[in-house]
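Bear in mind these aren't lab numbers, they're just calculated from the coordinates by the rules spelled out. All of these numbers come straight from a predicted model, not from anything done at the bench. Here the Cβ is made from the backbone with ideal geometry for all residues, glycine too, and neighbour counts use every protein chain on show.
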Amino acid sequence: MTSQDLTRSSGAELAGLLAAGDVSSVEATQAHLDRIAAVDGELHAFLHVNAGALDEARAIDDRRAAGERLHELAGAPVAIKDVLCTIGMPSTSGSRILEGWVPPYDATPVARLKAAGLVALGKTNMDEFAMGSSTEHSAYGPTRNPWDLERIPGGSGGGSAAAVAAFEAPFALGSDTGGSIRQPAAVTGSVGVKPTYGGVSRYGAIALASSLDQVGPVSRTVLDSALIHDVIGGHDPHDSTSLQREWPSFAAAAREGAASGSLAGLKVGVIRELDTDGIAADVAARFHETVALIERAGGEVVEVSMPSVEYAVAAYYLILPAEASSNLARFDSVRFGLRVEQGGTVEDVMAASREAGFGPEVKRRIILGTYALSAGYYDAYYGSAQQVRTLIQRDFDAAFAQADVLVSPSAPTTAFRLGEKIDDPLAMYANDITTIPANLAGIPGMSIPMGLGDDGLPVGLQLLAPHFEDVRLYRAGATIEALLAEQWGGILATKAPALTGGAR
Amino acid sequence: MSDITREQVEHLAGLSRIALTDEEIESLTTELSAIVDAIAKVSEAVGDDVPATSHPVPLANVTRPDVEGATLSHAEAFAGAPSHDGERFRVSAILGEEQ
């Protein structure tokens, strides 16, 4: 098998080859490093490539050769979003203020991947502090969409989504505060999952909005996301919001779902307020075709209404900046990060450092959040936004009384052009309408490919489930994925145009 | 349009500890007005009878056993610091002349 072939394997296939001893971790890792070297110059999915990856791979090969029983994913390579702290690799969250910062500890999801023997390929690009929907707000320049290099790869996790879509990695980690895993997955033809809030530890994830942030998997197949979720999930005493419960095997659910080919007995709710004129015609067409496919597979489709969705974006853009303005106060030029050396007091130095270290979108949201929390405005803005959050939760409760899972398009359009919305924050924010409600309510969500738009670019289907029922997403998602792959003659990711040049 | 003024943005920048430039204050004043106009509609959505949600999955009294865990060494804690003396983070003057 040539090294190029190895990058075309799914993570599950690669894990099988590794476990059987047909492929070494060094070979698998080298194949992906070669792929990164060949195409990442034009994609810019990675901010940092792990110089120690081959050594880590060799260590896994040695342990396997010594007869040690290893995790089923041991030796498989994985990419890590730069929002997650990693020992030995810079962790910048896409910001100049953390340029070159190497954390003294691993984020829990990273530590769990390491413990399972996965090999980190490097750190992926993102909008600065995960503020954005296009990766154009990265201080280190945008990532490009592998389907069309003039288009955005989504955001904030555009780097992780582009990396898996371009076969630079079989899996990646992302974080999803308002759609930063699901929307990039949708526009790059990949799969991404935002777990139930508290299902995956946030320890070591550089905080954006603590009541919304959730770490999750990114991949080309539902099963691969499930395999990663099984590794990273579960209770962590380092995160006081981490849930103490037993989770079922998501990989088992994905395998069952793919094998069954049937959605019989599953009630699927179509959210009326996310099936409107606000969704581009080609995205709506793919969505209606997929709903018809769900019905043909035995799913019972019902329409559900969520009237408060109308207020979700407004509430989100109050709650997120409010929490972010507090979280980002830690960048004080004292303990870590950039310090602009100048005269004056520690406060003068701090203000100068934050001026130099933060980009325009980060400043915009810190100022907005500080405004929303100010005396005299707090009740009208932040207080009301928290009440809207209750209304959204009630809408979901009512919807899930009628349906087991809900579906909508993952994003209103296919990938837009680089630069198209960068100067219009409100247009950028409006784009998040489909994904934000799940974060406000804390429920799990998934995006899987559901075809191509009129421009030949990927379109994503969003599935949502009630709190703690992530397993429903994996079972139903894998069934729909399998039925679509049957139509297409393979998963959507394999239909992407070849990347030809642009060595890193 | 909402009533965001240049002076307000200057004040918010001070609270946020960001030394914004004049151009940034100018553009943020305009942008913030537009954004606040767009998000102010949250207040029309709710009445007094709706409770606020601050946390999506409420948990109460999360504690851990009161035992010493793994902590960072001095060297690890200082590794990313812009300036330190090996025992303390080093900063410039805390108090200005007027204080």
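Remark on the range A:353-481: ratio of C-alpha radius of gyration to 2.2 N^0.38 Å is 1.29.
Per-residue mean of foreign Cβ neighbours for A:342-349 is 5 (Cβ atoms of other chains, 10 Å radius). Once both labels are positioned 7 Å from their Cα atoms along Cα-to-Cβ, the gap between residue A:252 and residue B:30 label points is 5.9 nm.
Each 10 Å bin from 0 upward holds the following percent of the Cα-Cα pairs of the range A:89-143: 24, 44, 29, 2. Normalised by the number of residues in the range A:302-396, the average gap of Cα pairs under 8 Å and 6 or more apart makes the relative contact order 47 percent. DSSP finds beta bridges in chain A, and of those with both partners inside it, around 65 percent are antiparallel. Peptide A:305-314 is shielded by partner chain Cβ atoms: per residue, an average of 3 of them sit within 10 Å of its Cβ. Provide, for q = 0.17, 0.20, 0.21 Å⁻¹, the log10 of I(q)/I(0) from a solvent-free Debye sum over equal Cα point scatterers in the range A:237-302. Results for the range A:237-302 at q = 0.17, 0.20, 0.21 Å⁻¹ read -0.81, -0.89, -0.92.
As a ratio to 2.2 N^0.38 Å, the alpha-carbon radius of gyration for the range A:1-84 is 1.10. Between the range B:1-49 and the range A:420-436, the alpha-carbon centres lie 18 Å apart.
Under 13 Å of direct C-alpha separation, and excluding same-chain neighbours fewer than eight residues apart, residue A:495 reaches these aspartates and glutamates: A:148.
In this entry, the range A:122-164 is assigned a mean projected area of 2.6 nm², taken as a quarter of its C-alpha convex hull surface.
Taking Rh as the Kirkwood radius, which is the inverse of the mean 1/r over Cα pairs, what is the Rg/Rh value for the range A:121-194?
Using Cα coordinates only, the ratio equals 0.91.
Rounded to the nearest 500, the 222 nm mean residue ellipticity of the protein assembly as shown from helices alone is -12000 deg cm²/dmol, with -39,500 (n - 2.57) taken per DSSP H run of at least 4 residues. Label-to-label distance, residue A:341 versus residue B:75, with points set 7 angstrom from Cα along the beta-carbon direction: 2.5 nm.
Using the empirical formula 2.2 N^0.38 Å as the baseline, the Cα radius of gyration of chain A reaches a ratio of 0.91.
Give, as a single signed number, the net charge of other residues whose beta carbon lies under 13 Å from the beta carbon of residue A:6, with Lys and Arg counted +1 and Asp and Glu -1.
My count for the surroundings of residue A:6 gives -4.
Cα centroid distance between the range A:42-120 and the range A:437-504, in Å? Answer, in whole Å: 25.
Mean silhouette area of the range A:171-305, derived from the convex hull of its C-alpha atoms and averaged over all directions, reads 9.4 nm². Pairs over the 26 Å Cα-Cα cut-off, from the set A:267/A:421; A:363/B:41; A:81/A:267: A:267/A:421; A:81/A:267.
Note on the range A:302-373: Rg/Rh from C-alpha atoms, Kirkwood Rh, equals 1.22. Per-residue Karplus couplings for the range A:88-94, computed as 6.51 cos²θ - 1.76 cosθ + 1.60 with θ equal to phi - 60°, are listed in order as x, 10, x, 9, 10, 6, x Hz, Gly and Pro entered as x.
In this simple spin-label approximation, residue A:277 and residue B:52 carry label points 7 Å from Cα along the Cα→Cβ vector, and these lie 3.6 nm apart.
Using the Karplus relation 6.51 cos²θ - 1.76 cosθ + 1.60 with θ = phi - 60°, the per-residue 3J(HN,Hα) values for the range A:266-283 come to 8, 8, 10, x, 9, 7, 4, 6, 10, 10, 10, 5, x, 9, 4, 4, 6, 5 Hz, with x marking Gly and Pro. Within 10 Å of the Cβ of each residue in A:389-402, the mean number of Cβ atoms contributed by other protein chains is 2. Counted over all Cα-Cα pairs of the range A:147-239, pairs farther apart than 21 Å make up 26 percent.
To the nearest µm²/s, what D does Stokes-Einstein give for chain B at 37 °C and 0.692 mPa s, using the Kirkwood radius over alpha carbon pairs as Rh? Once the numbers are plugged in, D ends up at 168 µm²/s.
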